Amino acid sequence: MNAAPLLLIALALPSVTLQAADWPQWRGPARDGTVQDTAHPIKALPQEPKVLWEIAAGPGQSSPIVAQNRLVFMDGVDGQEVVHCLDSASGKELWRANVGPMVEFQNAYGEGPRCTPLIDENRLYVQSCGGEFRCLALADGKQLWAVSFGDQYGATWFGNKSPDPGSKETASRRHGNNGSGVVDGDRIFVPVGSPTKGTLVAFDKKTGKELWTAGNDNTAYSSVVAATLAGVRQAVHLTADALMGVDAASGKVLWREPLKTGAKRHVATPLIDGDTVTVTSTSIGTIRFKVSNKDGAFAAERAWENAQMKVVISSQVQVGTNLFSPGPGNKCDLVCLNPATGVERWKEPGLGDYASITAVNDSLLILDSTGELRLVQASEAGYKELGRTHFVGKTWSSPAYVDGKLFVKDGTKLLAVQLAP
């Protein structure tokens, strides 16, 4: 990784101790699905990638992360959601810890953890489907502090079968707390999802002390993003009912735009570009908001809206002047949009019901739910495939990319493969 992109990442995430080979959180170093790695350019995909190591793994859609020569992932083991810490070079397990009991699911995605962990300096943050949030020591897994969404904030776990009318108002407490928290400075913003005690809660990242609470929405599945918009540092969160920007220091809700879905199915992570926020879901299509600040009065106005681009569970990636998105619907294409207007430039069919997109330099690594991996040029000129391969089974887990290596989990295994020298 060259110096300029690393500097930009460090400025965007000032509290994360990054090495040249880090993928420390959901969607990578800058939480946008992109990474610059000019030392390991991927020109093509080998038909049979070199497997560096492989281990057995249990169920779950939580994504692996890599930082400080450690790989962390979560799975289901003997009725528990378990976090594992491995040596990233060999796959040897260093320690494991229980996070919370596995909860029952009745859907196509199966049981097991949904939420991706987060490494910050010498700490690891993990979250269970049932709303148990823990801060652990990265060295040995010792618990440093913990929060229960249900016990402490009244955001109780309903589950799939609950007859409680309140279960219909939340996706995450019915089908699993998915949204990952994010560290910003000395704080960590956590999507607790309590309509009475705070949608979003900021904690002191070292002690777990509550700093502020914001909002009265339930959460959906979307992860929190920290960004500077219109000159003010904010936590940006797509809840079950709205998109909101919260002052990072005080917890004041600066702006809030209602965005309704019938099943509370906001899943994708907001995408930041300058003072704009782009969001997508199965009901609203794709919308880009422009955030403004006039003498302390904030507003989020729609810059454009593409009502056809309804993305069910995947997140979008922007590379330069191109916005790449799986969609629309459950049988999705790879679509290239103009991020200035939302107008479609081109599309290519065949991504199935889900695909994660990772932009490495000027190429896209696209892993679909069947386990097929494609390498595609990130160009507005049209779809140009540079290779494809298939080495894992069915998966809804996004991979981690580090120094030419891809770390991928499916329903039975976790493996590291070499994609570039």
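Quick notes on this one:
- GLU132 satisfies every condition listed in (1) surrounded by fewer than 18 Cβ atoms within 10 Å (Cβ to Cβ); (2) within 19 Å of GLY176 (Cβ to Cβ); (3) at pLDDT 95 or above except (1).
Here is a yes/no grid of residues against (1) surrounded by 24 or more Cβ atoms within 10 Å (Cβ to Cβ); (2) of a type in the set (Ser, Thr, Tyr); (3) free of Cβ contacts under 8 Å to residues at least 24 places away in the same chain:
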| position | (1), (2), (3) |
| --- | --- |
| ASN177 | yes, no, no |
| ASP186 | no, no, no |
| GLY193 | yes, no, no |
| THR196 | no, yes, no |
| ASP204 | no, no, yes |
| TRP212 | no, no, no |
| GLY215 | yes, no, no |
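- Any hit, the range 156-171, residues being among the aliphatic types (A, V, I, L, M), over 22 Å from HIS266 (Cα atoms) and surrounded by 19 or more Cβ atoms within 10 Å (Cβ to Cβ): no
- Inspection of the range 171-185 finds a residue satisfying the criterion of being of a type outside the set (Val, Ile, Thr) and under 15 Å from VAL72 (Cβ atoms).
- Selection count, the range 248-264, where residues are over 14 Å from ALA300 (Cβ atoms) and either in contact with a Lys or Arg (Cβ under 8 Å, 6 or more places away or on another chain) or not aliphatic (A, V, I, L, M) (or both): 9
- When residues in the range 263-286 are screened for being touching a Ser or Thr at 6+ places or on another chain (Cβ under 7 Å) and assigned to a strand (DSSP E or B), 5 of them pass.
- The single condition from (1) outside any strand (DSSP E or B); (2) more than 18 Å from ASP204 (Cα to Cα) that GLN152 fails is (2).
- PHE289 within 25 Å of SER397 (Cβ to Cβ), at pLDDT 95 or above, in a strand (DSSP E or B) and of a type outside the set (Val, Ile, Thr): no
- The residue pairs whose first member lies in the range 368-391 and is basic (Lys, Arg), whose second member is surrounded by fewer than 16 Cβ atoms within 10 Å (Cβ to Cβ), and whose beta carbons are closer than 7 Å, counting only pairs six or more residues apart or on different chains, are ARG374/GLU385; ARG374/ARG388; LYS384/GLN377.
- If you go through the range 318-357 and pick out every residue that is touching a residue at least 60 places away in the same chain (Cβ under 8 Å) and in a loop (DSSP other than H, G, I, E, B), you end up with 1.
The values are calculated or read from the model by the stated rules, or taken from the named source; none is laboratory data. None of the values given here were measured: they were computed from a predicted structure. Every residue, glycine among them, receives a Cβ derived from its backbone with ideal geometry; neighbour counts consider all protein chains shown.
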